[in-house]
């Protein structure tokens with residue numbers, strides 16, 4: 001059954017390659033991009049199919065040789081080839097199952113990330129700042145670009161709330177499991193008696209959506225301009241470049257005051273608004289499929305405690321997959337790829353179990 005699916009996708013990949021070269025397709029930029037995207041998605045499956053067929057042929061030929069060959073050395077070589085090829089075929093079958101899993105349509109999109117200080121007072125704000133720095137460092141290490149949308153800082157160097165964009169292919173795929181409550185255990189700088197405090201920060205990860213994904217009517221919006229309140233010199237404090245967008249039907253409010261341009265701030269605010277409205281709609285649909293959500297790596301719910309950062313022990317624990325390491329310093333410096341891969345693999349494993357049940 002799997003081989004038939006692979007063959008079907010292989011043929012589709014060949015069709016796409018032919019279509020991508022046609023002048024009338026190239027002339028339609030949006031249509032051409034769509035074809036190139038599908039061609040890129042089907043390429044790994046086509047490669048697996050080609051390799052699978054080649055190995056099957058080699059195994060068949062080697063087995064046929066064993067029926068007639070008398071030379072001991074040649075027989076030994078044929079048997080080794082059969083063993084090696086059959087082992088690779090088993091690996092290809094597992095890879096094929098993963099490649100055939102349903103794709104998240106948002107995986108390749110840019111990301112809107114929102115970090116908010118939770119319980120713990122000033123220490124929660126400081127921890128929110130640690131998380132913001134961690135994600136921006138991770139983005140830089142992996143070739144992503146970050147753009148600040150809005151930030152509300154606390155008086156002691158912490159962050160009450162920060163909204164920023166992570167730009168780059170696959171950003172959502174790599175960061176979507178970061179949604180939830182992050183808990184920190186450490187001795188605050190303001191603590192004179194050396195007692196460990198527990199604080200939290202909430203992370204939300206939203207895919208950036210295009211206009212075709214979510215429709216926003218102008219009559220449903222209230223747009224206000226005001227002077228930026230953050231750092232940036234006299235210019236931002238005297239010019240009404242900051243933007244506050246209110247979506248009246250839902251009450252969702254987005255503020256952007258990072259840039260000096262009113263137009264750029266409005267553009268960023270509308271991106272965040274579209275992402276939040278899309279997320280609200282998705283959350284409603286997800287509730288209708290509660291069982292499906294239970295099969296995922298956590299629910300992604302912002303009230304769910306997903307991770308603990310324990311500074312006294314230098315320990316990082318992700319509670320969803322029982323993942324614990326003692327390299328906390330490296331982790332908060334942006335080296336989070338290993339955990340991201342573990343979360344993705346766990347999700348794939350659960351999806352495979354679900355498909356086979």
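What follows draws every value from the coordinates through simple rules; no lab data is involved. Just so you know, these numbers come straight off a predicted model, no measurement behind them. Glycine gets a Cβ as well: all are built from the backbone with ideal geometry, and neighbour counts include every protein chain shown.
A Gaussian network model of the chain, with springs between Cα atoms under 10 Å, assigns the largest mean-square fluctuation among 131, 100, 343 to 100.
Rounded to 0.05, the FRET efficiency of the residue 355 and residue 189 pair, given R0 = 51 Å and the Cβ-Cβ distance, is 0.55.
Evaluate the chain: find the radius of gyration of its Cα atoms, find its Kirkwood radius, and give the ratio Rg to Rh. It would help to have the intermediate numbers written out before the result.
Working: Rg = 25.8 Å, Rh = 23.9 Å.
Rg divided by Rh gives 1.08.
Using 0.36 nm per residue and subtracting the Cα-Cα separation, the extra length available between residue 29 and residue 51 on full extension is 4.7 nm. Values of log10 I(q)/I(0) for the range 87-227 across q = 0.09 Å⁻¹ run -0.41, by the Debye formula with one identical scatterer at each alpha carbon and no solvent.
By its C-alpha gyration tensor, with a ≥ b ≥ c as the square roots of the eigenvalues, how is the range 2-99 shaped: rounded for a/c under 1.5, else prolate for a/b larger than b/c, else oblate?
Prolate, because a/c is 1.5 or more and a/b exceeds b/c.
Between 0 and 90 degrees, the angle of helix 262-287 with respect to the longest Cα principal axis of the chain falls at about 60 degrees.
The angle separating the long axis of helix 337-356 from the principal Cα axis of greatest extent in the chain is about 60 degrees. Computed over the range 2-99, relative contact order equals 31 percent, with contacts defined as Cα pairs under 8 Å that lie 6+ residues apart. This ranking places 317, 250 by how few other beta-carbon atoms lie within 10 Å of each, fewest first, which gives 250, 317. From the alpha carbon centroid of the range 111-138 to that of the range 25-43 is 38 Å. Taking 111, 255, 59 as the candidate residues, the one with maximal mean-square fluctuation in a Gaussian network model of the chain, Cα springs under 10 Å, is 59. Given the options 143, 118, 168, state which has the largest fluctuation in a GNM of the chain using a 10 Å cut-off (strictly under) for Cα springs. Largest GNM mean-square fluctuation: 143. To the nearest ten degrees, helix 2-19 and the longest principal axis of the Cα atoms of the chain are 70 degrees apart. Taking label positions 7 Å along the Cα-Cβ direction at both residue 167 and residue 337, the computed distance is 2.2 nm, reported to one decimal.
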